[in-house]
Each structure stands twice: as C-alpha cells, then as structure tokens.
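One structure is given here, and the rest of the page talks about it.
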Amino acid sequence: MGAKASLSEQFVMSFIEGDRWKLYLEGLGKSILLTLGALALGVIFGIVVAVIRTLHDQQKGGKKSPGLVFANAVCKLYTTVIRGTPMMVQLLIMGFVVFATSRNLMGVAILSLGINSGAYVAEIIRGGIMSVDPGQMEAGRSLGMNYGTVMKEIIIPQAIKNILPALGNELITLFKDTSLVSVIGMTELTKVARDLQARTYLPLMPYLGIAVMYLVVVIILTYLQGILERRMRKSDRH
C-alpha cells in the first residue's frame, strides 16, 4: 500500500493495526522515566557543583583552600566540557565507548542525560544562590550559625524560588532530549516511531503522532509549572 495509502489507512496501519498504539504508550512511559531519572541525577550533580563553586567564590582573597581550588577547577572543566559539546555526541561516547559492553541501556541513558543536565542545573542553582543578598549570609553567621545551616535555612529556600522557572525549563528540555537516546539503541518514543516507519514505509503518521505526544506532555508540564509558580508567589505575599 505504502505512500498511496489514504490518511485514514495510514492512521490505522500506524496506530491501530496490531495494537501498535501500545508501543507508543510504552515508549512514552520510558521517555518520562528517563526524564525523571536524569533530572534527579542532574539536580544531585548540580547541587554539588554549585555549592563547591559558590564556596570557592566566597573565599577571601589570600585564604583560598588548595583542595577547594582544585575541586572548583574540576567543576569548571566539567561544566565547560558538557555545555560545550552536543548531547548526541555525549550519548555516543557513553554508549559506544565508556559503556560499550553494557546492556543496561536505560541506565546508560539516564546517566548520560543526568551528567548533561547537571552542568546546566549547576549554573542555574549557582545563579539562584548568588542572586540572594550576600548580607543575609553575613547576618546568619553573625548570629552564630555555621555556613551549612545558613545555606539550608536562609539561602536555599530563597534561591529555590528564584530558580524554579529555570528548573522547569530544564525538565522540559530533558524530556525533549530523550528523543536522542535512540542513537545508542534504546527503545523510547522516537525509536518506536522510527521502527514502525521502517516496517510500514509510512513516515507521516508515526512522526506526526509522536510530535503531538511530545507537545501534549510539554504543555502539561508548562501548565503545572505555572501553577507551582503562582502558589509560591501567593506564599510570598502571605
């Protein structure tokens, strides 16, 4: 039938025949799982890097700790390399070089996306921390609180409100970036569409279908982000 099939026939062959719609749902579920796992990993990496770099930047001129200087240099190298190279190249290196013998494609994909996300989240968190008035850190320390307590009780809560929109955007970007993990052979939403297109020789419906799915999820995430931001603004007024 191929390219001569009508739109309705293409739809049936791409989604209905053989319960193929279930494959799309399974692929979407894996994409969402990838996104959540990578974001969690990215936030962990991001917090560690942001704290190290903030600590380094807040040291006095002649009293810099050698260990902190080294750690800061490693963190700067990490963010520079990750932000300066394409996500697909990083996936190819992780999938076919670093973990060439691994069959845990989900783990490799989450780790790759998480490492990539961590570099961006680190700058987001660092920017949020730096946006808080430095006088609040000094005030907390003058009251006898140590650095960690001031960060936990005073700085971080304020920084979270400042970085929430950027973190929401990172979540959306991560979800869309899951479409790249098919290059290492993992079957997620985009790979499902590619496989069905190769089987039916009908590219329109599979690719249009996943485009709609990505769009719907992004719209939902954007809506939920807006609700959360409005609630946080209300809590500020009260």
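Only the coordinates and a few stated rules stand behind these numbers; no lab work does. Source: prediction; values computed, not measured.
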Just how many pairs of Lys in the chain have C-alpha atoms closer than 21 Å, counting pairs that are eight or more places apart or on different chains? 11
From zero up to wherever the largest Cα-Cα distance of segment 193-238 sits, split into 10 Å bins and tell me the percent of pairs in each. 25, 26, 20, 15, 11, 4
Rg(Cα)/(2.2 N^0.38 Å) for segment 133-238, N = residue count: 1.68
Taking Cα pairs under 8 Å and at least six residues apart, what relative contact order does segment 10-126 come out at, in percent? 46 percent
To check my understanding: the extent here is largest minus smallest coordinate of the Cα atoms along each principal axis. What are those three numbers for segment 2-237, in Å, largest first? 76, 47, 23
What helices does the chain hold that run 20 Å or longer along their axis, going by alpha-carbon atoms, with a Kyte-Doolittle average of 0.0 or more, using DSSP H for the helix calls? 21-57, 66-84, 105-130, 156-177, 204-237
On each of the three principal axes the extent of the alpha-carbon atoms of segment 56-150, given in whole Å and largest first, is 54, 25, 21
Whole-Å semi-axes of segment 34-89's equivalent ellipsoid, largest first, each the root of 5 times a Cα gyration tensor eigenvalue? 26, 14, 7
